[in-house]
1. Which ordering of 15, 213 is given by a fewest-first count of other beta-carbon atoms within 10 Å?
2. Please give the charge dipole size of the chain, origin at the Cα centre, charges +1 on K and R Cβ atoms and -1 on D and E Cβ atoms. Round to the nearest 20 debye.
3. Only counting other Cβ atoms within 10 Å, I'd like 86, 74 sorted with the fewest neighbours first.
4. Using a Gaussian network model on the chain with a 10 Å cutoff between Cα atoms, which of 61, 149, 167 fluctuates the most?
5. Can you list residues whose amide H is under 5 Å from residue 86's amide H, if they're 5+ apart or on another chain and H is modeled 1.01 Å from N?
6. Enumerate the amide H contacts of residue 167 below 5 Å, restricted to partners 5 or more residues apart or on another chain; note that Pro and chain-start residues carry no placed amide H.
7. Starting from the Cα gyration tensor of segment 127-189, take the square roots of the eigenvalues, sort them a ≥ b ≥ c, and report rounded, prolate or oblate (rounded when a/c is under 1.5, otherwise prolate if a/b is larger than b/c, else oblate).
8. Give me a comma-separated list of calculated 3J(HN,Hα) values for segment 49-58, in order, Karplus coefficients 6.51, -1.76, 1.60 applied at θ = phi - 60°, integers in Hz, x for any Gly or Pro.
Amino acid sequence: KLLLEVKDLSAVVSESKQPILKGVNLTVRQGEVHAVMGKNGSGKSTFAKVLVGHPDYEITGGSVTYKGDNLLEMEPEERAVAGLFMSFQSPVVIPGVSNIDFLNMAYNARRRKLGQPELGPIEFYGYVSPKLELVNMKVDFLNRNVNEGFSGGERKRNEILQLAVLGTELAILDEIDSGLDVDALRDVANAVKGLLTPENSILMITHYLRLLEFIKPTFIHIMEDGKIVKTGDISIAKILEKEGYKAISGS
Ligand code: ADP
Ligand code: MG
Ligand code: MG
């Protein structure tokens, strides 16, 4: 079933009107994993941010349909309620707020918007603790302050935990693998796989073949100068690693 359909999407920086996205086309069906690769500055993060409704960018052309609705007409909060979430490249530290309280608040905020009953601390604990296994985290992780003193790998795992708790249908992961050692990368890759169900999909931005080998995306796309210039399977990423972007460039 079709989840996201991006057609000829163009966007500029709101402030300067500098064009960044120049006609992106991408279709994501339920249960698929899509990876977007591309040189620094090709527009990958901008694409991700435009999908979640980031105010820094203005849409200048094209369309985005999400679960049959016009995504571009939805407020960022409405997109989140509809199950579209993005993990952030640099998560914030929230002093004095425990991880479980933060997750509980975020979860209840979404439940409220969906018109569903909120969960109290004890019920929420019952809901969240089985999900810790997914990210290979101990229970005491929940009682630490959000992101405070987390290692790089813990931060990433916590982001995945957030996506799992919120009930994400399309998870957008921007360089979830940056700065991780091999063990942390394997954990994060397994956690990402844990998000995947026949109904859920993932759109991930990455530079690394290694993560792709763990996760085995359905499609790999190469972005160049604000457009997707090539789509294929893992073999694209292998050529890329060996020969660089010029070997698969669209130009
Ligand atoms: P990538 O994630 O592929 O490295 P980005 O989407 O971050 O690329 O950026 C693409 C281009 O758009 C870069 O040249 C970047 O400097 C520019 N850009 C992105 N966002 C902004 C912004 N908010 N203001 C000014 N320039 C921006
Ligand atoms: Mg970059
Ligand atoms: Mg980026």
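Only the coordinates and a few stated rules stand behind these numbers; no lab work does. Quantities reported herein were computed from a predicted structural model and do not represent experimental measurements. Heads up, the Cβs are rebuilt from the backbone with ideal geometry, glycines too, and the neighbour counts pull from every protein chain shown.
1. Details: 15 9, 213 12.
Taking fewest neighbouring Cβ atoms as first place, the list is 15, 213.
2. Numbers: 29 positive and 33 negative charges, 92 e Å.
Magnitude of the dipole: close to 440 debye.
3. Fewest to most other Cβ atoms nearby, the residues stand as 74, 86.
4. 149
5. Those lying under 5 Å, H to H, from residue 86 are 172.
6. none
7. Values: a/c = 1.56, a/b = 1.10, b/c = 1.42.
Verdict is oblate for segment 127-189.
8. Using θ = phi - 60°, the values come out as 5, 4, 5, 8, x, 5, x, 5, 10, 10 Hz.
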